[in-house]
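The values are calculated or read from the model by the stated rules, or taken from the named source; none is laboratory data. A quick note: this is a predicted structure, and the numbers were derived from the prediction, not measured. Quick reminder, even Gly has a Cβ in these numbers, built from the backbone with ideal geometry, and neighbours come from all protein chains shown. When the accessible area is computed, the model is the full protein with side chains, heavy atoms only, and any ligands, DNA or RNA have been set aside. Shrake-Rupley method; radii C 1.70, N 1.55, O 1.52, S 1.80 Å.
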Amino acid sequence: MVERVRPPKSLLRKWEEEDREAREIRRRSADWDFIRRQPPRIKLALLLYIETGDVYKAAKIAGLTVDEFNEIRIRARIPSVT
């Protein structure tokens, strides 16, 4: 059996803070009027991307390739924050 190693709490807090900051940047930058006008699956995918930054899940929900989703993400003015 392999023992799982957990990162220190300070590192977890740092990652959580970075995720929060990235989410806030995506929220502030987004063109909300554009997002509201999208079909339900695209809108849901854009919202998921804003909250998580997971382009692969967002593209799958939208029923698009990652490249196709990224084209819509760019039109929605949502930055790719890493």
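When only residues in the range 49-82 that are under 20 Å from E17 (Cβ atoms) and of a type in the set (S, T, N, Q) count, which is most open to solvent (accessible area, probe 1.4 Å)?
For the range 49-82, the residue satisfying everything is T82.
Out of curiosity, is V2 in a loop (DSSP other than H, G, I, E, B), at pLDDT below 95 and surrounded by 13 or more Cβ atoms within 10 Å (Cβ to Cβ)?
no
Give me the pairs: first residue in the range 51-79 and touching a residue at least 12 places away in the same chain (Cβ under 8 Å), second residue in a loop (DSSP other than H, G, I, E, B) and surrounded by 19 or more Cβ atoms within 10 Å (Cβ to Cβ), beta-carbon distance under 7 Å, and six or more apart or on different chains, which are they?
A76/A30; R77/A30; I78/A30
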